[in-house]
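As structure tokens, the structure follows; a few thoughts come after it.
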Protein chains: 2
Amino acid sequence: MRNQTLSIIGVGLLGGSIGLAVKERLKGVRVIGYGHRASTLQRALKLKAIDQPADNLAQAVAGADLVILCTPVGLFGKILTDITPHLKDNAIVTDVGSTKASVVKAGEKIIGRRFVGSHPMAGSEKRGVEYANTNLFDQALCILTPTRKSDPAAVRMVSEFWKTLGCRLIKISPMEHDRMLAEVSHLPHVAAAALMGLPSRRATQLCGKGFLDTTRIAAGDGALWRDILLDNRTNMLASLAKLRGELERVERLIKTGDQAGLARWLDERRRKREEVGVRNAI
Amino acid sequence: MRNQTLSIIGVGLLGGSIGLAVKERLKGVRVIGYGHRASTLQRALKLKAIDQPADNLAQAVAGADLVILCTPVGLFGKILTDITPHLKDNAIVTDVGSTKASVVKAGEKIIGRRFVGSHPMAGSEKRGVEYANTNLFDQALCILTPTRKSDPAAVRMVSEFWKTLGCRLIKISPMEHDRMLAEVSHLPHVAAAALMGLPSRRATQLCGKGFLDTTRIAAGDGALWRDILLDNRTNMLASLAKLRGELERVERLIKTGDQAGLARWLDERRRKREEVGVRNAI
């Protein structure tokens, strides 16, 4: 998209990092940023994550060839409705939301064939453009969720965009995305938060690196995760039921003192984790 | 303990790291190593984690001023019984076990007042002396669990020993140790392993850094963790019940679509995690 215009709606950690990466890797692209706080836009401008702040959504997308929604998922519906009358004819719209079924449904309904859902697996528990990072997407997995309705040229353009930012790409359906992400992202978040509910302040003074790693993601933004969990409700409830099953199983093994059974349960999961670790050596 | 003899029973990641740290920080100390595999002892010798391998437990502890048990907790009972007739009169015995109530009970019963329980919060999901590291204990928290029965000179000596290796020290009772560690270490291990039980191989290909961090400890040795979980059974069952309560609560919030309640639940845990993060900045 050389010499074109990119519009970033929501200039936080992810939106800001997209801006920085684009400024470095896609010379000639003009980056417009929009956010509901003027101070954030000024910071983004100062950090050179955007070239130009917009005062409103209409202005933000008016000249854009590509629009990327980087706000919490809960705001997407309203934003899509608000921007659609102001888009150029050929504008392509994508997003970085952590859920895809409802987002793609809304995107295709409101924007049409030129909406393509994306989910770059990058970011951290940190918030705000001050944590933006030029290399955030380098080697990150980006899940694209095109459907039968998607415009092939739009899918190609969005794919190329993420590849230019350093992402590895994978394409799956929005439904499958949400089902699998419940297990590898949304449920782990809930488990980490649940673990934080237990220890007293005194007990947390005894925590080691294991505890800190296991619960790190629980420091993520509450409102953002509330939106994700409620949006992916059906899969979350199914995953929570499965987790309950796992915990009931280990509880029984501990209660009955089943040495062999408990070692087997732990070792099966250790092997699976080691395999995942090898494939994702970072 | 300058110019004295240290005996390390079990020369794996922890035992080997103790050896390396002692060789660097306590000049003149002779380090005897014992393990059930001769090949491990040869590797430890080659890595200079020990000065001398012992053929059996009697030989390993015969001249030792300080003996440290670094095997899995499940072997402690037998080892304590086997070494006690061979200890020097003034020998002090400690351990690095992850549980303390049963260990200290056995230690005091078999060894007497000169057994002092320790739990240095160091290590990783890795196994084996090849992962030993001179600085493993630097800044690590070491929990000491002396009791009314402990010999004050032995407690002092063991305290000094860990401090020399770089540890920060805290003293609590064995019971309190096990209750708190269930929440900040043993339950998180079970939760990480349980999370590994859910995703298909295909789904794990979509995992990001969050999932990898949350489940990292599930790669720990199964037999070692089996011993810990069964030894700390009562506290584990209480902690599992509390975790179940947390998960039932979040399940209800998701099921009823309670936006405010879910955000509050997440934010309370986020704040707690942030506070822990600040205190444990590493």
Worksheet entry | Calculated label separations, A:A153, copies of the chain, 7 Å along the beta-carbon direction, nm | 8.9
Worksheet item: B:H36 label points, 7 Å along Cα→Cβ, one per copy: pairwise distances from this copy to the rest in nm, shortest first?
Response: 6.1
Worksheet item: Restricting to region B:30-179, what percent of DSSP beta bridges are antiparallel, rounded to 5?
Response: 25 percent
Worksheet entry | Pairwise burial A:B, computed as accessible area of each alone minus the pair, summed, 1.4 Å, Å² | 8000 Å²
Fill in: Probe 1.4 Å, accessible area per residue of the protein assembly as shown, Å²
42 Å²
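Given C-alpha coordinates of region A:89-232, what is the ratio Rg to Rh with the Kirkwood estimate of Rh? Walk me through the intermediate numbers first.
Details: Rg = 17.4 Å, Rh = 16.7 Å.
Radius of gyration over Kirkwood radius for region A:89-232 works out to 1.04.
Just want to confirm a number: the relative contact order over region B:45-93, from Cα pairs under 8 angstrom separated by 6+ residues, in percent. List each step's numbers first, then the result.
Working: 37 pairs, mean separation 21.6, N = 49.
With pairs under 8 Å counted, the relative contact order is 44 percent.
Scaled to the compact-protein estimate 2.2 N^0.38 Å, what is the alpha-carbon radius of gyration of the protein assembly as shown, rounded to two decimal places? Mind dumping the intermediate values first?
Values: Rg = 27.3 Å, N = 564, 2.2 N^0.38 = 24.4 Å.
With N residues counted in the protein assembly as shown, Rg over 2.2 N^0.38 Å equals 1.12.
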Discussion item. Computing the accessible area with a 1.4 Å probe over protein heavy atoms, can you report the carbon and sulfur percentage for the protein assembly as shown?
Written reply: 50 percent
Worksheet item: Which lysines have a Cα lying under 30 Å from the Cα of B:K23, excluding residues fewer than 8 positions away in the same chain?
Response: A:K209, B:K46, B:K48, B:K78, B:K88, B:K100, B:K126, B:K163, B:K171
Discussion item. If I take R0 = 25 Å and measure r between the Cβ atoms of A:D89 and A:S173 in this structure, what FRET efficiency does the formula 1/(1 + (r/R0)^6) give, to the nearest 0.05?
Written reply: 0.35
Discussion item. Let's test this: bin the Cα-Cα distances of region A:165-282 at 10 Å from zero up to the farthest pair and state each bin's percent.
Written reply: 11, 30, 41, 16, 3, 0
Worksheet item: For label points placed 7 Å from Cα toward Cβ, what is the shortest-first list of nm distances from A:R249 to its copies?
Response: 2.7
Discussion item. If I histogram all Cα-Cα distances within chain B using bins 5 Å wide from 0, what percent of pairs lands in each bin?
Written reply: 1, 5, 11, 15, 17, 16, 12, 8, 6, 4, 3, 1, 1, 0
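The values are calculated or read from the model by the stated rules, or taken from the named source; none is laboratory data. The structure displayed is predicted, hence computed values, not measured ones. Quick reminder, even Gly has a Cβ in these numbers, built from the backbone with ideal geometry, and neighbours come from all protein chains shown. Accessible surface is based on the protein model in full, side chains and every heavy atom, while ligands, DNA and RNA are left aside. Shrake-Rupley method; radii C 1.70, N 1.55, O 1.52, S 1.80 Å.
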